[in-house]
Structure formats: C-alpha cells, structure tokens
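The values are calculated or read from the model by the stated rules, or taken from the named source; none is laboratory data. Worth saying up front: this structure is predicted, and the values here are computed from it rather than measured. As a convention, Cβ positions derive from the backbone with ideal geometry for all residues, glycine included, and neighbour counts pool all protein chains shown. For accessibility, only protein heavy atoms count, side chains too; no ligands or nucleic acids. Shrake-Rupley method; radii C 1.70, N 1.55, O 1.52, S 1.80 Å.
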Amino acid sequence: MSAKKLHLAAFVSAGPVSGSHGGWRHPQASGDLLSASYYQEIGRLLEQGCFDLLFIPDIVAIPDTLGHSLDSQLRYGALGALRLDPLVVLSIVAAATKHIGLGVTISTTYTQPFILARALATLDHLSGGRAAWNIVTSFQQAEARNFGLTDQLSREQRYERADEFLDVTTKLWNSWQDDALVRDREAPLFADPDRVHRIDHSGKYFNVQGPLNVSRPPQGRPVFIQAGASDRGRDFAARWAEIVFVTPGLVDVAVEFRNDLRARAARFGRDPDTLKVLPGIAPVIADTEKQAKTLCDELYGLADPTAGLSTLSYHLGVDLSHFPQDQVLPENLDVPGVQGHYREVSELTRRSGLSLANLGRQYGAGRTTIGFTGTPGSVADRMQEWFEAGACDGFMLQIPYFPGGVEDVVHRLVPELQRRGLFRTEYDGPTLRDSLGIARPAN
Ligand SMILES: Cc1cc2nc3c(=O)[nH]c(=O)nc-3n(C[C@H](O)[C@H](O)[C@H](O)COP(=O)(O)O)c2cc1C
C-alpha cells in the first residue's frame, strides 16, 4: 500500500480525436460530439471515478501543415478537424457535475489578460472552485494567420509574452481582497471600495489598469497547467505550473523529466511537491490480454496513416509530405513545433525502425507510449511501476473513444487502482486544489 495517491486527469477533446484517430469511427464511440449531453455524460462518468480533472485541449485553427492543405485533417477527422470552444463546453460540464476539476486550454498569444482573467474567475465561481487553465503559447502558423499575423512570434517572444500575461492575470485575480465582496444589505455595502484595487500594469506587451470586475475566485486563482518541453518551456512550467503534462514514451525518460522539472521549481523558490507531473498514456483495457490486443489492433486499423501524419506534421510544425514515406523519420530535424513530441517519435523510430507511413498510423492510433494495453490488473501494474519509480505524480489518460472507453477506465481500471490504495475512493474537498493537495494562494 502506498500512502501517496495518484492524480488522474482525462484528456477529452471537444472534437473527434482524444486518444486515437480511429476512435470516432469505433462502434463503441456513441453519442454526438455536438451535443451538450455528450460532454455532461463524460463529466459525470469521470466524476464517478473520482478523477481530479477533465481537461480539454484547444487550438485556434484547422491545421494545414501537411501539404499546406486542410484535406487530411477534415477528410479523416484528425485531431484538429473540429474543435468546440472549451470554455463553453466546460461551463455546461460544470452545471452537470460537483467535484471534478475543469481544465480549459487558452493561448496567451491570441487573447488579452483581462478577458481571460474574467472568464476563468467566472468559471471558478460558478463551479465552486474547480477551474484550471492549460496555458499554451500556440505553435502553428495557421493560428497566427487567424489573428492578423503573417508569421508566428518566435518561441522566446511567445514565452516572454506568456510570463507577462501570467503576471498581469495574477494581479487581476488579486485585485479584489478576499473579503472585498461584503453584500451587507443594511449598510448598504455591496463591495468595499477600500478593498478593491487598480493594478496599473504597464509592460512590454500589456497595459492594464484594472481592477477585475469579478471578485477573487474561490481558489484564489485557477490551477495552472502547462506542457512546455523546450528548455524555455520547462522554466516557464517550473515557475508557474501546478500540473504539467508530458508525453515521454518511456519510464526512464519520464523520471529524468520529472527530476529536472522539480529541480527547476526549487530554483524558482517553490516546493517541488506543488508541481504535479502527469504523463499522457493511452490505456486500452479489456477482460483479457488477448481481447485488449484485439481492440488495440482494431483501433490501429481504423486510424488512417495520413490522419496521423497530418497531426504529427502540425505538432512538429514540419510538412512531412516532403520526406519519403517508406523511410524512417530523419534525425536532427529542425522542429519549430513541439520538441517533446519530436523526442517521443524519434525514440519510437529508433526503437522500432518504423517507416514514416507506419509512424503516421502509430502516432494517429495513439500508441507511442507502450505497455498500457491489457487487463485492468496489468495496466494498473504498469501505472504503479511508473508512479513508484518517481516518473510521475499521476497520469493524463488519453481515452481512445467515448463514452465506452471512459466506462472501461472508471468501472474497471479505477477500482483496481483503489484496491491497491493508489487512488482515492472519494473526493478530498470541494475544490480542485483540495483534490491536488495544493494550498490556495494567499492574496
Ligand atoms: C499533452 C500535451 C497537451 C498539449 N495541449 C495543447 C493544446 O491543447 N493546445 C496547444 O496549443 N498546445 C498544446 N500542447 C503544446 C504545449 O503547450 C507546448 O506548446 C509544447 O509542448 C511546446 O513546448 P515548447 O514550446 O516548450 O517546446 C500540448 C502539449 C502536450 C505535451
């Protein structure tokens, strides 16, 4: 029995693909992803399984990196083919749930601090302290072109802007003292003007007077999520993030990443335990190893190689249609996109010698982290192994199809983790910070 418990997040795309590009074509993928009840049902199920967080990724363009065309994303229902606005989706999930954390992705590059601070303070209030923000800086040319730019900001500029963005939003969330909203009918005193302050921020990217027009949220501010992989990105995560997503592929790579991040957090004067590292895994679960393998093969067959290659192209920011499809992914590519994903597929290529076309299928099928296919017992064994090796504080589960895949996780895998004392059997308190065991920041 382990005293420390795992944290579990579910990666739920508000679009066709979460864990596998074949998922939306699977017979057990029922429900209409354009309906409110679809997301509410997923939220309720995950809450039955005591999940810490339902997380929705986001991008603000349909990717066109592969062959400078939208065709591969749209035709095959790839990762970026359709994305509902995650803030709207999570608001309707909030109304149908009571405990689960609500993780929304919003880019610091394409919005303004005031708009974001207000929206997330609203979500935190209305959900009773369950809002989390996945802070992304965006890495696609197509996104820049939707916001009046011909080219993206450089990575350095994106992170510099993000640092200032976080500084401004934090000031806005602190612009109301905790006791500023009095609501005394007799006095009358709705809000105490002496306890609400302008921020008068003047910086390189933003000038914001403040205060925010929403009182301080229940969690003080939303929980910060980040997935920086570059050196600059890791420093950003170590400074700000409370949850870090990563896709390391192998356990020893995950251990190294977590140790590095914890050391960086300590250098920023933080207690490393306030930073929870959650590697992404794509569990495929069935009653027997053979059935799980069959299910995996089915998903593999449903994932079109072009769809996976299209998504890999946009993740790397490299048009992979220029390379021979029957040969391996070239080494030492200059990758303007997600370096972590490049490391992940480079490892896989070295390990298995897959041709680019097969890598596309594998990437699309969501099977780059191996060992999480099997019975609830064998998948739990592997999760326990990673956890006890110091590779993670929990996992982000990329479930292959909805809602059937969530049912497998909630009704089979979670009870197995609970039986081993590795996962909670009830929520620790009303807010996401309670679930994570992270204190509410002082004002
Ligand atoms: C699991 C995971 C989920 C991510 N989700 C998003 C997302 O929803 N939207 C987005 O723009 N970027 C997303 N990213 C990309 C990261 O935010 C980040 O930009 C990327 O890892 C590159 O980091 P770097 O600039 O430090 O190399 C995700 C990355 C990972 C590993």
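Name the single residue, out of those in segment 350-362 being at pLDDT below 90 and either within 23 Å of ALA229 (Cα to Cα) or within 16 Å of the ligand (Cβ to nearest atom) (or both), that is most open to solvent (accessible area, probe 1.4 Å). So, considering only residues that are at pLDDT below 90 and either within 23 Å of ALA229 (Cα to Cα) or within 16 Å of the ligand (Cβ to nearest atom) (or both), the one most open to solvent (accessible area, probe 1.4 Å) is ARG350.
For segment 206-233, the candidate set comprises residues that are part of a loop (DSSP other than H, G, I, E, B) and surrounded by fewer than 17 Cβ atoms within 10 Å (Cβ to Cβ); within that set, the residue that is nearest to the ligand (Cβ to nearest atom) is SER230. Scanning segment 43-68 for residues that are farther than 18 Å from GLY80 by Cβ, outside any helix (DSSP H, G or I) and of a type in the set (A, V, I, L, M) yields LEU53, LEU54. Within segment 1-37, being open to solvent by less than 40 Å² (accessible area, probe 1.4 Å) and not in a loop (DSSP other than H, G, I, E, B) holds for HIS7, LEU8, ALA9, ALA10, PHE11, GLY23. On the basis of being within 11 Å of the ligand (Cβ to nearest atom), in a helix (DSSP H, G or I) and more than 19 Å from TYR401 (Cβ to Cβ), does GLU143 make the cut? Considered against the rule, which asks whether it is within 11 Å of the ligand (Cβ to nearest atom), in a helix (DSSP H, G or I) and more than 19 Å from TYR401 (Cβ to Cβ), GLU143 comes out as yes. Summed over segment 95-124, residues that are in a helix (DSSP H, G or I), open to solvent by 60 Å² or more (accessible area, probe 1.4 Å) and under 20 Å from ALA36 (Cα atoms) total 1.
Count of segment 264-282 residues, restricted to those that are open to solvent by 30 Å² or more (accessible area, probe 1.4 Å), in contact with a helix residue (DSSP H, G or I) (Cβ under 6 Å, 6 or more places away or on another chain) and in contact (Cβ under 8 Å) with a residue 12 or more places away in the chain, is 1. When every residue of segment 257-272 is checked against the conditions, at least one turns out to be within 16 Å of the ligand (Cβ to nearest atom) and among the aliphatic types (A, V, I, L, M).
If the condition is being part of a helix (DSSP H, G or I), closer than 23 Å to GLY405 by Cβ and polar (S, T, N, Q), then segment 240-282 contributes no residue at all. The set of residues in segment 43-66 being of a type outside the set (S, T, N, Q) and open to solvent by 40 Å² or more (accessible area, probe 1.4 Å) consists of ARG44, VAL60, ILE62. Screening GLY377, GLY421 for residues that are open to solvent by less than 20 Å² (accessible area, probe 1.4 Å) and either in a loop (DSSP other than H, G, I, E, B) or under 27 Å from ASP252 (Cα atoms) (or both) leaves exactly one candidate, GLY421.
The residues of segment 126-182 that are out of contact with any strand residue (DSSP E or B) (no Cβ under 7 Å at 6 or more places or on another chain), open to solvent by less than 10 Å² (accessible area, probe 1.4 Å) and among the polar types (S, T, N, Q), listed by number, are GLN140, THR169. Across segment 68-94, the qualifying residues are those that are in contact with a Leu (Cβ under 8 Å, 6 or more places away or on another chain) and either hydroxyl-bearing (Ser, Thr, Tyr) or under 17 Å from ARG44 (Cα atoms) (or both), and the one among them that is surrounded by the fewest Cβ atoms within 10 Å (Cβ to Cβ) is SER91.
Can you say whether LEU261 is touching a His at 6+ places or on another chain (Cβ under 7 Å), open to solvent by less than 40 Å² (accessible area, probe 1.4 Å) and either of a type outside the set (D, E, K, R) or more than 21 Å from SER435 (Cα to Cα) (or both), as far as the supplied structure shows? If you could, list the steps in order and put the result at the bottom.
Details: touching a His at 6+ places or on another chain (Cβ under 7 Å): no; open to solvent by less than 40 Å² (accessible area, probe 1.4 Å): yes; either of a type outside the set (D, E, K, R) or more than 21 Å from SER435 (Cα to Cα) (or both): yes.
In short, no.
Here GLN40 meets the list (1) assigned to a loop (DSSP other than H, G, I, E, B); (2) surrounded by fewer than 21 Cβ atoms within 10 Å (Cβ to Cβ); (3) touching a residue at least 24 places away in the same chain (Cβ under 8 Å) almost entirely, failing just condition (1). Whether a residue is at pLDDT 90 or above and either surrounded by 16 or more Cβ atoms within 10 Å (Cβ to Cβ) or farther than 30 Å from ASP304 by Cβ (or both) was assessed, and ARG433 passes this test.
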